[in-house]
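Shown next, in structure tokens, is the structure this report addresses.
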Amino acid sequence: QNILSMNSVEVLYDNVMLAIKGVSVQVPKGEMIALLGSNGAGKSTTLKAISGLLKAERGRISRGEITFQGTDITEALAQKRVEMGICHVIEGRRVFEHLTPDENLTAAAPRGMSRSTLNAEKDKIYAYFPRLAERKNSQAGYLSGGEQQMLAIGRALVTQPKLLMLDEPSLGLAPFLVEEIFGILQKINNDEGLSVLLVEQNALAALEIVSQGYLIENGRVVMHGTAEALKSNS
Ligand code: ADP
Ligand code: ADP
């Protein structure tokens, strides 16, 4: 069944700018799905509609609805969506640069998480990301771009999400690092059945790890299919 179902969603910014024009996206539970398309197509807006981050940018859902695990979340506050298990790693790898990776993970833990659960989550994250483990007590601002992206993903994982949404994690990274990070995402998906919605301009890399992709152009889904079908189409 679908963990997330987005049906004919329109988003308006500033009450005038129609950024997405009836987008429908389904994420089957335990699968990795990609949103592909060029700059300005409406991919980030789609993620923000799901995580509830539109409000801060004077955007709103003007039509359609979104259900998460069967619950209508179209009007839910962003904080409520986080509590339900929707985690959105926004573009640009936000980490606290003056803290260490380990402190960054601690700071990202949900209120009320026990110390033992937090430590177990950290150990799991360090096992998935050995590069991060090696640098866990350095200042995060000195980590490389790839390491900071890994930390941004680690900060999301520490919240034990049910749906992980990533916005352009490959941006500006060397191909070998993209391959490494995507390989780790695939491993987490395999081991834990974590559902992932991945926004990428790098379609070739994304289609190697997802089961299905949606091509978005000019605020609309113009193609949807299995990764194999989309690969042979590009
Ligand atoms: P993508 O993620 O595919 O690059 P976006 O979702 O960021 O595309 O943008 C879709 C459209 O919405 C673009 O035309 C963009 O200029 C516009 N847009 C994005 N954010 C805002 C905003 N906060 N206010 C007004 N327009 C916006
Ligand atoms: P990238 O091109 O991937 O950003 P860098 O050349 O910036 O890589 O860094 C290479 C390695 O050196 C990385 O592991 C990074 O974390 C580390 N590093 C870079 N600058 C510093 C610094 N000022 N102090 C400590 N480590 C650093």
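The values are calculated or read from the model by the stated rules, or taken from the named source; none is laboratory data. These numbers come from a predicted model, not from an experiment. For neighbour counting, all protein chains shown are included, and Cβ atoms are generated from backbone atoms with ideal geometry for every residue, glycine included. Quick note on the areas: whole protein, heavy atoms, side chains included, nothing else; ligands and nucleic acids left out. Shrake-Rupley method; radii C 1.70, N 1.55, O 1.52, S 1.80 Å.
Each row is one residue, and each column tells you yes or no for (1) more than 16 Å from ligand 1 (Cβ to nearest atom); (2) in contact with a helix residue (DSSP H, G or I) (Cβ under 7 Å, 6 or more places away or on another chain); (3) over 25 Å from E168 (Cβ atoms); (4) modelled with pLDDT under 95.
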site: R94; (1), (2), (3), (4): yes, yes, no, yes
site: E97; (1), (2), (3), (4): yes, yes, no, no
site: I125; (1), (2), (3), (4): yes, yes, no, no
site: L132; (1), (2), (3), (4): yes, yes, no, no
site: Q139; (1), (2), (3), (4): yes, no, no, no
site: G145; (1), (2), (3), (4): yes, no, no, yes
site: Q149; (1), (2), (3), (4): yes, yes, no, no
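Of everything in the stretch 179-200 that's open to solvent by 10 Å² or more (accessible area, probe 1.4 Å) and aliphatic (A, V, I, L, M), which residue is farthest from ligand 2 (Cβ to nearest atom)? So, considering only residues that are open to solvent by 10 Å² or more (accessible area, probe 1.4 Å) and aliphatic (A, V, I, L, M), the one farthest from ligand 2 (Cβ to nearest atom) is L194. Of all the numbered requirements in (1) open to solvent by 70 Å² or more (accessible area, probe 1.4 Å); (2) free of Cβ contacts under 8 Å to residues at least 60 places away in the same chain, G59 misses one, and that requirement is (1). Within the stretch 47-84, track down each residue that is within 16 Å of ligand 1 (Cβ to nearest atom), aliphatic (A, V, I, L, M) and not in a strand (DSSP E or B). Once the filter is applied, which keeps residues that are within 16 Å of ligand 1 (Cβ to nearest atom), aliphatic (A, V, I, L, M) and not in a strand (DSSP E or B), the stretch 47-84 yields L47, A49, I50, L53, L54, A56, A78.
Could you tell me whether any residue of the stretch 158-177 is in a helix (DSSP H, G or I), under 30 Å from Q1 (Cβ atoms) and not basic (K, R)? Let's see the steps before the verdict.
Of the stretch 158-177, the ones in a helix (DSSP H, G or I) are 175-177.
Next, from what is left, pick out any that are under 30 Å from Q1 (Cβ atoms): none.
Checking the stretch 158-177: not a single residue is in a helix (DSSP H, G or I), under 30 Å from Q1 (Cβ atoms) and not basic (K, R).
Among the residues making up the stretch 158-192, those that are under 20 Å from L118 (Cβ atoms) and touching a Leu at 6+ places or on another chain (Cβ under 8 Å) are V158, P161, K162, L164, I188. Checked against the criteria, V222 counts as open to solvent by 50 Å² or more (accessible area, probe 1.4 Å) and not polar (S, T, N, Q).
Do you know which residues across the stretch 10-44 are free of Cβ contacts under 8 Å to residues at least 60 places away in the same chain and either farther than 20 Å from L198 by Cβ or within 12 Å of ligand 1 (Cβ to nearest atom) (or both)? Matches in the stretch 10-44: E10, V11, L12, Y13, D14, N15, V16, M17, G40.
The condition of being open to solvent by less than 20 Å² (accessible area, probe 1.4 Å), within 22 Å of S44 (Cβ to Cβ) and not acidic (D, E) holds for only one of G92, G85, that being G85. Looking at the stretch 162-176, can you tell me whether even one residue there is more than 13 Å from the chain's Cα centre (by Cα), under 25 Å from G22 (Cα atoms) and more than 16 Å from ligand 2 (Cβ to nearest atom)? No, because not a single residue in the stretch 162-176 is more than 13 Å from the chain's Cα centre (by Cα), under 25 Å from G22 (Cα atoms) and more than 16 Å from ligand 2 (Cβ to nearest atom).
Taken over the stretch 136-159, the criterion of being under 17 Å from T106 (Cα atoms), within 10 Å of ligand 2 (Cβ to nearest atom) and open to solvent by 40 Å² or more (accessible area, probe 1.4 Å) is satisfied by Q139 alone. Only one entry in L54, L47 is aliphatic (A, V, I, L, M), closer than 19 Å to L207 by Cα, in contact (Cβ under 8 Å) with a residue 40 or more places away in the chain and surrounded by 16 or more Cβ atoms within 10 Å (Cβ to Cβ), namely L47.
Taking only the stretch 109-123 into account, find how many residues are outside any loop (DSSP other than H, G, I, E, B) and either within 16 Å of ligand 1 (Cβ to nearest atom) or among the hydrophobic types (A, V, I, L, M, F, W, C) (or both). Counting residues in the stretch 109-123 that are outside any loop (DSSP other than H, G, I, E, B) and either within 16 Å of ligand 1 (Cβ to nearest atom) or among the hydrophobic types (A, V, I, L, M, F, W, C) (or both) gives 2. Regarding the stretch 112-135, can at least one residue be identified that is free of Cβ contacts under 8 Å to residues at least 12 places away in the same chain and open to solvent by less than 40 Å² (accessible area, probe 1.4 Å)? The answer is yes; a qualifying residue exists.
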